Amino acid sequence: MSTSSSDFENRPEPAALPYEFFSPVHLRWADIDALQHVNNAVYLSYFEQARIDYFRALGCWDWNKVGMILARTEVDYLRPLLIRDRAWVLTRTVHLGSKSFTMEYLIVRKASDWSADLRPCERNTPGMVPEELMEQGPLQSITKARSVLVAFDFESNQSVPVPEAYRDAILRKEARPIAPAQ
């Protein structure tokens, strides 16, 4: 399945695109720092595990043939995450280039009341958060991040094009337009 720029002409901005995938965050005592919240460096491990879960769900990535390397990550810390919190990482692919792709993450926790920023109501973008997760009740955004990953052949030690089978699986999983390579 190849995509053309016309497929993406009227796509919404990434902030309005829904997350189609989420996985639980497994908080550990070792994640907590002296301030009694998750240490900022630990979030990178949460995003890494979310990527692994995402690609396992795709069912197509053969790590022995083409792997990926993390080229860039940017993180916005919105609120602290505490050991008692029940949390999830929402994951999506927002850009597919020829050799790289961009993923976004949103860590949310179950909120104690309806003042949370993610809840079933008209002010939220419909379908932004998977319905299965919204059934947990009100959610609060904790951290958001974006990473750029590069398809990589470890045997030849160089970047390679993202294989078509991987592209097709990502496009099927996301069920919405993704920005094409420029």
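Between Arg79 and His26, how high is the FRET efficiency from 1/(1 + (r/R0)^6) when r is the Cβ-Cβ distance and R₀ = 25 Å? Nearest 0.05. Intermediate results must be reported in sequence, preceding the final value.
Numbers: r = 19 Å, r/R0 = 0.76.
The pair Arg79/His26 has a calculated efficiency of 0.85.
Stretched out fully, how many nm does the piece from Asn64 to Ser112 gain, at 0.36 nm a residue minus the Cα gap? Let's see the in-between values first.
Numbers: separation 48, 0.36 × 48 = 17.28 nm, distance 4.38 nm.
Gain in length upon complete extension: 12.9 nm.
Taking the square roots of five times each eigenvalue of the Cα gyration tensor of the stretch 17-174, the equivalent ellipsoid has semi-axes of 29, 19, 12 Å, listed largest first.
Other residues lying with their Cβ under 11 Å from the Cβ of Val162 contribute a combined charge of 0, Lys and Arg counting +1, Asp and Glu -1. Over all other residues within a Cβ to Cβ distance under 15 Å of Arg28, the charged ones net out to -2, with Lys and Arg as +1 and Asp and Glu as -1. Working from label points 7 Å from Cα in the Cα-to-Cβ sense, the Arg56 to Ser98 distance is 3.4 nm.
Working from Cα pairs under 8 Å separated by at least six residues, relative contact order for the stretch 17-174 is 31 percent.
Every number here is computed from the coordinates shown, using simple stated rules; none is lab data. Nothing here was measured: the structure is a model prediction, and the numbers come from that model. All Cβ positions, even for glycine, are placed from backbone atoms using ideal geometry, and neighbour counts span all protein chains on display.
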